Amino acid sequence: MHLDPQELKKFLVDSGLVSKRDVEAAMAESATSHKELSEVLISQGKIHEDDFRKVTSYLLGIPFVDLAKERVPKETLGLIPEPIARKHNIVAYKKTDSGLEVAMLDPLDLEAIDFVRKGLGIKILPRLTNVASIKQVLLQYQKSLKAEFGDLIREDAAKMVRTDDTPEAEKKLAEDVPVVRMVDTLISHAIIQKASDIHLEPFEQELVVRYRIDGLLHDAMILPKTVTQAIVARIKVLAGLRLDEKRLPQDGRFKLELAGQNVSFRVSLLPTYYGEKVVMRLLPDSVRGFTLESLGFHGDNLERIHKAARAATGMILVTGPTGSGKTTTLYTVLELLNTPDVNISTVEDPIEYQISRINQTQVKPDIGLTFANGLRSLVRQDPDIIMVGEIRDEETANLAVNASLTGHLVLSTLHTNSAAGAIPRLLDMKVEPFLLVSTINVVIAQRLVRRLVAKKPYKLSQTELTELSEYVDLPRLLDWLKKEKIVPATATWSTIDFFKPEPTSESIDGYADRIGIHEVLPMSNTIKELVIKSATADEIERQAKSEGMMTMLEDGLFKAVQGLTTIEEVLRVVTE
């Protein structure tokens, strides 16, 4: 969109959105770089893109609409085909007697408007919108397909012909159009649902497809048992696995580009009584866009991690069960540290995200490339920062500790239930206590809770507060809430709102996506003394709490007061 620079300058200065000096500086750069004034101002952070679009709306006399939270009727949305909507960033959202109202990023794109008008034969009323609105409405095209997926897959299943078990026959079956379309549809459906895992489970009479969404498994569809062989063969071909091996587990990977994003799939096959069970983990290729704040870190926890990351040596450990987001947290810390003046190397199993300028090595135990051997080689590669995907054994633990002692910052994960539990776990791996206190900077423990997207407030009764006080120190938690200005300084538990999920058409249970709850244990002098004495995890946790550590349960309830999740969700995850 081209606007007269002088007219734009006058309005921006008069409205107070941008200072006169900043506008004049941007105009000078615009003249030398041959970029639009708006582009320069937005890239410099002088004005937000959404604010600029509203300015444009005013100057052009075209109404601005925000559709980021709107649900467009399917019949209206379908008036403009999805490929046209995506290509021209134009979506239909309201049909009236006056014509069809369409939202656009560029309402001066007369070619797109004329194309839609000729195709529909009705008057087009352009409206200006923002990128978030366009993305939200384009996503609704995909969501409207979900109801059609079941019928499509069942039609394909009826066309499949059972084959013999030779690898040649199975490979031919895996390349048949109905099989390819069925697997692509199952995967597309999972991506649209934002699933983290796809489970294909064969039983006596059926193949059950389940998706793990926000940490919970949901039945997606039930298919005839006759399609199992074809679907498994197709997935094996994609993952480069052996078609003739049905007695032993197999692991593989493949990558697809769907809906404009690259997604990697980690495939695990396990023989069961009724056939091979398949689990596919969906891994976005990039972790970019995450920040520690967006992962749920705040207050003192955030400061402790930044302090530990600034250290030139030592260890940052992240603990929790499988699927609790440990790797995402480590990668986010690595992104903070990923600058041109450091060499970062990792040894992982598997490589879940790919990050530019980081040297990532995949563990391959079948050829002798274990975590221990990989780490032993990494320290000879002149690294500044090392990430070890997981400390699984005594050898890896001692190598990681020694690497941190010899001038490296080491990041890794452990499978323990709490931050304090990491210390006894490492002691069990025969790491000397005096080495632990010399190397560990901070231990992070975490879980993932479902995030509320639609909610209604309520207040806890005195009975409920009494029950909750059995799990957590409420006066201590209230102090934190006041310290971070989440509640007013005069607040009491009787005046504080909690929230319950509110089902909507977009979210059947009121939840979508997940956020982390954490506890961050710094290695203070008193805790070092306890470690030297081989204290238990409970003793270390009591001392850490007395020094101000917020436990995962407390952090979860902190977020429940913020309206990010619910008490029930926190208790489900922490006490399960």
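The values are calculated or read from the model by the stated rules, or taken from the named source; none is laboratory data. Quantities reported herein were computed from a predicted structural model and do not represent experimental measurements. Here the Cβ positions follow ideal geometry from the backbone for every residue, glycine too, while neighbour counts run over all protein chains shown. What goes into the accessible areas is simple: the full protein's heavy atoms, side chains included, and nothing from ligands, DNA or RNA. Shrake-Rupley method; radii C 1.70, N 1.55, O 1.52, S 1.80 Å.
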When a/c reaches 1.5 or more, the comparison of a/b and b/c decides; with that in mind, is region 34-142 rounded, prolate or oblate per its Cα gyration tensor? prolate
Stretch His415-Arg376 to full length: gain in nm at 0.36 nm per residue minus the Cα-Cα span? 11.8 nm
At most 14 other Cβ atoms within 10 Å and a DSSP loop assignment: could you name the trypsin sites (Lys or Arg not before Pro) in region 37-136 that fit? Lys69, Lys123
Once both labels are modelled 7 Å past Cα along the beta-carbon direction, what's the Arg476-Glu245 spacing in nm? 5.0
Descending accessible area (1.4 Å probe), largest on the left, turns Glu335, Glu49 into Glu49, Glu335
Can you give me the distance in nm between label points at Thr466 and Glu70, each placed 7 Å from the Cα along the Cα-to-Cβ direction? 5.1
Extreme residue, positive dipole direction of the chain, given options Thr339, Thr328, Tyr58 (C-beta unit charges): Tyr58
Suppose we keep just the DSSP beta bridges with both residues in the chain; what percent of those would be antiparallel, to 5? 65
Quick one: if the Förster radius is 22 Å, what FRET efficiency do Asp513 and Arg572 give, using the C-beta to C-beta distance and rounding to 0.05? 0.85
With only Lys, Arg, Asp and Glu charged, each at its Cβ (+1 for the first two, -1 for the last two), find how big the charge dipole of region 333-453 is about the Cα centre; round to the nearest 20 debye. 340
Suppose we keep just the DSSP beta bridges with both residues in region 281-422; what percent of those would be antiparallel, to 5? 5
Ordering of 524-534, 388-398 by packing [mean C-beta count within 10 Å, highest first]: 388-398, 524-534
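Name the shape class, rounded, prolate or oblate, that the alpha-carbon gyration tensor gives for the chain, where a ≥ b ≥ c are the square roots of its eigenvalues, rounded holds for a/c under 1.5, and otherwise prolate holds if a/b is larger than b/c and oblate otherwise.
Verdict is oblate for the chain.
Could you give the dipole magnitude of the chain about its Cα centre, charging the beta-carbon of Lys and Arg +1 and that of Asp and Glu -1, in debye to the nearest 20? Could the numbers behind the result be given before it?
On the way: 72 positive and 83 negative charges, 125 e Å.
Using only the charged Cβ atoms, the result is roughly 600 debye.
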Keeping all protein chains in position, work out how much accessible area Met221 exposes to a 1.4 Å probe, and write it in Å² to the nearest 10. 10
Just report the Cα centroid separation between region 522-576 and region 387-407, whole Å. 25
Hey, if we sort Ser188, Ser469, Ser43 by accessible area with the 1.4 Å probe, largest down, what's the order? Ser43, Ser469, Ser188
For region 203-275, what does the alpha-carbon gyration tensor say about shape, rounded, prolate or oblate, given a ≥ b ≥ c as the root eigenvalues, a/c under 1.5 as rounded, and a/b over b/c as prolate? oblate
Kindly write out, for region 513-527 in residue order, the coupling ³J(HN,Hα) from the Karplus curve 6.51 cos²θ - 1.76 cosθ + 1.60 (θ = phi - 60°), rounded to whole Hz, with x marking Gly and Pro. 6, 9, 9, x, 10, 9, 9, 10, 9, x, 8, 6, 4, 5, 6
Amide H partners (placed H, <5 Å) of Asp214, local residues excluded: Ser196
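Given Lys326/Lys483; Lys455/Lys559; Lys172/Lys194, which pairs have Cα atoms separated by over 24 Å? Walk me through the numbers on the way to the answer.
On the way: Lys326/Lys483 28 Å; Lys455/Lys559 14 Å; Lys172/Lys194 31 Å.
Flagged as over cut-off: Lys326/Lys483; Lys172/Lys194.
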DSSP beta bridges in region 22-125, what fraction antiparallel, as a percent rounded to 5? 75
On a straight-distance basis, which aspartates and glutamates could pair with Lys69 in a cross-link, Cα separation under 13 angstrom, same-chain partners fewer than 8 positions away excluded? Glu506
Determine ³J(HN,Hα), in whole Hz, for all residues of region 477-483 in sequence, where each value follows from phi through the Karplus function 6.51 cos²θ - 1.76 cosθ + 1.60 and θ = phi - 60°; x replaces Gly and Pro. 5, 5, 4, 5, 4, 6, 4
Roughly how much of His88 is accessible, in Å² to the nearest 10, using a 1.4 Å probe? 40
Just in region 427-495: which GluC sites (Glu not before Pro) are loop by DSSP and have at most 14 other Cβ atoms within 10 Å? Glu470, Glu484
Whole-Hz Karplus ³J(HN,Hα) for region 120-132, in order, using 6.51 cos²θ - 1.76 cosθ + 1.60 and θ = phi - 60°, x for Gly and Pro? 9, x, 10, 5, 9, 10, x, 10, 8, 9, 10, 5, 4
